[in-house]
Amino acid sequence: MYGKAVTPMSARAANSALICGTMTLALLLGGCTSSPEPQVSASPPSPVSSPSGPSSPATSPPSPPASSPSLNADYALTINITIARGKTVPSGEKINVRVGQKVILNVTSDTDDEIHAHIGGEGYELPVQAGTPARGSFTLEDPGSFEVESHHLEKIIVILNAR
Amino acid sequence: MLVPLHGIASRHDLPLPFSFVVIGAVLALTISFVILIFAWRHPRFERVGGHPMPGLTAVVDNPIVRLVARVLVLATYAWAGLAMMFGQDLLTNPIFGFVYVWMWVGLVPISLLLGQFWRATNPLRSIHRGLCALARVDPEQGLATLPGWAGVWPAAVGLFGFGWLELVQPDRTTLAVLRLWVLVWLVILVLGAIVFGQRWIGAADPFEVYASTLAQMSIWRRVGDEVRLVNPLAGLNAWHAPPGATAVVAALLGSTAFDSFTNTSWWIQGVQNSNVPAVVWGTAGLMAMIIIVFVSFSLGAAWMGRYGDRPAADYPRLMVGSLLPIVLGYIVAHYATLLIVEGQRTAINFSDPLGRGWNVFGSAEMGVNSAIFNHPTAIALVQLCAIVGGHVFGIVCAHEKAVALLPPDRAVRGQLPLLLVMVGFTCAGLLLLFSP
């Protein structure tokens with residue numbers, strides 16, 4: 001869950017868990033509201049190391065201020081990704097984006113990896129070299145729920161819910 | 001094309017809006033109690049009724065029609081088998097969509113629209129029948145008799161196996177893994193049919209039991225020797241669930257719920273950052289989900305034993321039909337877009353099973369129409385209606401059974417725990433689609 005969406009959803013999730021109080025499933029789900037904040041923020045410009053990333057720091061639109069969520073198609077959404085010791089941060093977070101909004105990935109990793117974004121069509125691929133920050137971007141053209149994964153670790157980094 | 005980590009689709013349904021979850025839960029709870037308190041007090045569907053269809057019966061019982069249907073289905077399987085044995089180990093190989101979409105999801109509309117079609121055309125039965133014809137033995141005759149209590153228990157185990165393959169098995173979209181599973185399935189089913197006779201296939205084939213169970217909700221039902229057009233509620237009410245049917249239904253509901261559950265951030269994060277291998281988590285989670293469904297439903301139904309004149313252990317099997325509409329609602333809500341979008345992709349790839357640029361059925365040049373994804377609100381509405389609609393039908397079925405099985409003055413009290421369990425399943429289904 002991301003940004004301002006966290007508080008109202010968790011309160012309502014608790015209510016709903018009461019509605020179906022008999023259900024262990026629902027109670028288990030309540031645990032999800034304790035997940036940490038995703039690493040989504042305005043980021044300092046960094047060198048473009050992705051051959052497929054069309055953006056450069058000088059021309060990319062400004063990132064949203066910290067108080068506003070990602071749901072504004074005029075702003076790019078920057079996701080900072082750290083891969084270290086076989087784990088990814090963030091790990092399985094769900095992030096809301098607008099259809100047409102630019103998504104920028106800033107990746108640092110301690111091993112060579114490939115970031116795969118299954119965004120429909122052929123998908124988007126960002127190669128990452130150990131120790132070298134990588135940056136790439138793509139735009140979600142259609143609504144849906146899409147996974148961004150570390151290909152070598154076979155782990156889901158974020159799930160983008162595009163509306 | 002990048003291969004997704006899990007499953008075959010790279011694009012998934014958006015989470016159900018939370019307002020829909022609340023609306024659905026309130027509707028489910030309200031309608032349940034309205035039905036419980038105000039509905040009929042005497043059984044309404046004691047007889048199936050319906051309209052006899054003598055012409056249709058003659059057509060479906062015609063030996064040539066049956067033979068043609070069997071040959072067509074067998075040929076479709078042989079074509080898929082060709083792709084599996086000699087095709088490329090890529091997602092463009094139609095075998096993956098054939099197994100995970102056409103078979104697993106496609107059998108549902110087939111069974112609802114065509115009734116017991118799968119039982120009549122199951123390629124395993126055709127293979128077994130062919131072997132028996134070669135050996136000049138009666139396909140009904142085996143070397144041993146399968147005990148009656150076995151019911152469909154073997155298929156419940158098989159459905160757990162398929163759920164495991166679909167949701168837990170690493171590299172499930174590679175040919176080596178799929179070939180092994182298909183081989184095991186063929187050997188167990190065909191050898192078992194030789195040992196126990198044809199009855200084994202009806203007891204152990206997960207796909208046939210899945211199809212024939214869901215076909216209980218079809219508008220077509222065979223009564224005696226004739227096919228009738230029936231009210232699905234009356235048809236479902238007439239179902240005599242075999243031993244193990246509760247486990248079959250729990251496996252269907254539990255594995256569908258687990259599919260959604262593995263998509264929550266809570267689960268992904270927990271499993272990915274755990275030192276315990278993901279396979280262990282997946283196996284335990286899938287089993288736990290099925291057991292939760294099985295135990296909670298069995299306890300809710302067994303409560304009726306306090307008010308009726310049968311042993312408590314009889315009631316889960318008598319009542320299990322009322323879970324089928326909920327299962328159907330879950331399946332529609334979870335897999336409808338998968339069937340529509342990935343089903344098309346499978347149809348396209350089916351023209352070129354070996355990846356050599358063939359266009360045998362003329363479908364290879366078609367594009368996948370995924371426009372349905374551009375209407376997320378409509379998808380969410382269909383999901384909500386499927387879950388709540390399935391719940392309402394389930395509650396109506398449970399009420400009908402309860403007034404038939406319990407004395408009129410005690411029917412309401414007796415079915416209350418089961419009703420709460422069903423409301424719980426429905427709320428959990430909605431919450432899982434909200435997928436936090």
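For q = 0.12 Å⁻¹, what log10 I(q)/I(0) does the protein assembly as shown give under the Debye formula with an equal point scatterer on each alpha carbon and no solvent?
The Cα Debye sum returns log10 ratios of -1.27.
Please express the shape of chain B as an equivalent ellipsoid: the semi-axes are the square roots of 5 times the eigenvalues of the C-alpha gyration tensor, given largest first in whole angstrom.
Values for chain B, descending: 34, 29, 21 Å.
Using modelled amide H (1.01 Å from N, peptide plane; none on Pro or chain starts), what sits under 5 Å from the amide H of residue A:155, excluding residues fewer than 5 places away?
HN-HN under 5 Å from residue A:155: A:150.
Could you tell me what a quarter of the Cα convex hull surface of the stretch B:232-342 works out to, in nm² with one decimal place?
Orientation-averaged projected area of the Cα hull: 9.3 nm².
Over the stretch B:187-306, what is the relative contact order in percent, taking alpha-carbon pairs closer than 8 angstrom and at least six residues apart?
Relative contact order, the stretch B:187-306: 17 percent.
Please state the equivalent ellipsoid semi-axes for the stretch B:1-151: what are the square roots of 5 times the Cα gyration tensor eigenvalues, largest first, in whole Å?
Semi-axes, largest first: 37, 31, 16 Å.
When you look at the Cβ of every residue in B:253-266, what mean number of other chain Cβ atoms sits within 10 Å?
3
Relative to the Cα centre, what is the charge dipole magnitude of the stretch B:1-105, using +1 at the beta carbon of each Lys and Arg, -1 at the beta carbon of each Asp and Glu, and rounding to the nearest 20 debye?
With Lys and Arg at +1 and Asp and Glu at -1, about 320 debye.
Quote the charge dipole size of the protein assembly as shown about the Cα centre in Debye, to the nearest 20; the model charges only the Cβ of Lys and Arg (+1) and of Asp and Glu (-1).
Using only the charged Cβ atoms, the result is roughly 1440 debye.
Read phi for every residue in the stretch B:291-302 and hand back ³J(HN,Hα) as whole Hz from Karplus 6.51 cos²θ - 1.76 cosθ + 1.60, θ = phi - 60°, with x for Gly and Pro.
Values per residue, Gly and Pro as x: 5, 4, 5, 4, 5, 5, 5, 5, 5, x, 6, 5 Hz.
Which whole number gives the average, over all residues in B:10-22, of C-beta atoms from other chains lying within 10 Å of the residue C-beta?
5
Given a 1.4 Å probe and every protein chain left where it sits, what share in percent of the accessible area of chain B is carbon and sulfur? The partial results should precede the final answer.
Working: 12720 of 18450 Å².
Accessible surface attributable to carbon and sulfur in chain B totals 69 percent.
What's the buried accessible area, both sides, between B and A using a 1.4 Å probe, rounded to 100 Å²?
Summing both sides, the interface buries roughly 4000 Å².
Take peptides A:157-163, B:416-422, B:50-56 and line them up by average Cβ neighbours within 10 Å, highest first, as a rough protection proxy. Don't jump to the answer; show the numbers that get you there.
Values: A:157-163: 23.7, B:416-422: 22.0, B:50-56: 12.6.
Going from most to least packed, we get A:157-163, B:416-422, B:50-56.
In percent, how large is the relative contact order of the stretch B:331-381, given Cα pairs closer than 8 Å and 6 or more residues apart?
Relative contact order of the stretch B:331-381: 31 percent.
Given a cut-off of under 8 Å on Cα pairs at least six residues apart, what relative contact order in percent is computed for chain B?
Relative contact order of chain B: 27 percent.
Please work out whether the stretch A:120-163 counts as rounded, prolate or oblate from its C-alpha gyration tensor, where a ≥ b ≥ c are the square roots of the eigenvalues and a/c under 1.5 means rounded, while otherwise a/b larger than b/c means prolate and anything else oblate?
Verdict is prolate for the stretch A:120-163.
With the Cα gyration tensor of the stretch B:314-395 giving a ≥ b ≥ c as the square roots of its eigenvalues, does the rule (a/c under 1.5 for rounded; else a/b larger than b/c for prolate; else oblate) give rounded, prolate or oblate?
Here the stretch B:314-395 falls in the oblate category.
What is the average number of partner chain Cβ atoms found within 10 Å of a Cβ in A:111-118?
Counting other chains' Cβ atoms within 10 Å and averaging over A:111-118 gives 2.
Efficiency by 1/(1 + (r/R0)^6): what FRET value for residue B:72 and residue B:374, r their Cβ-Cβ distance, R0 = 60 Å, to the nearest 0.05?
After rounding to 0.05, the efficiency reads 0.95.
Please give the per residue accessible area of the stretch B:225-334, computed with a probe of 1.4 Å over protein heavy atoms only, in Å².
36 Å²
Going through the stretch B:76-154, which trypsin sites (Lys or Arg not before Pro) have at most 10 other Cβ atoms within 10 Å and a DSSP loop state? Mind showing how you got there, number by number?
Numbers: sites: B:119, B:125, B:129, B:136; in loops: B:136.
For trypsin sites (Lys or Arg not before Pro) across the stretch B:76-154 that sit outside H, G, I, E and B with at most 10 neighbouring Cβ atoms in 10 Å, the list reads B:136.
Just order B:277-286, B:326-335 by mean Cβ neighbour count inside 10 Å, highest at the front, would you?
Ranked from most to least packed, the peptides come out as B:326-335, B:277-286.
Assign one of three labels to the stretch B:270-331, namely rounded, prolate or oblate, based on the Cα gyration tensor with a ≥ b ≥ c the square roots of its eigenvalues; rounded applies when a/c is under 1.5, prolate when it is not and a/b is larger than b/c, and oblate otherwise.
The shape class here is prolate.
What is the packing order of peptides B:250-257, A:89-96, taking the mean over residues of other C-beta atoms within 10 Å and listing the highest first?
The densest-packed peptide leads the list: B:250-257, A:89-96.
The values are calculated or read from the model by the stated rules, or taken from the named source; none is laboratory data. Bear in mind the structure is a predicted one, so any value in this text is a computation, not a measurement. Cβ atoms come from the backbone with ideal geometry, glycine included; neighbour counts cover every protein chain shown. Quick note on the areas: whole protein, heavy atoms, side chains included, nothing else; ligands and nucleic acids left out. Shrake-Rupley method; radii C 1.70, N 1.55, O 1.52, S 1.80 Å.
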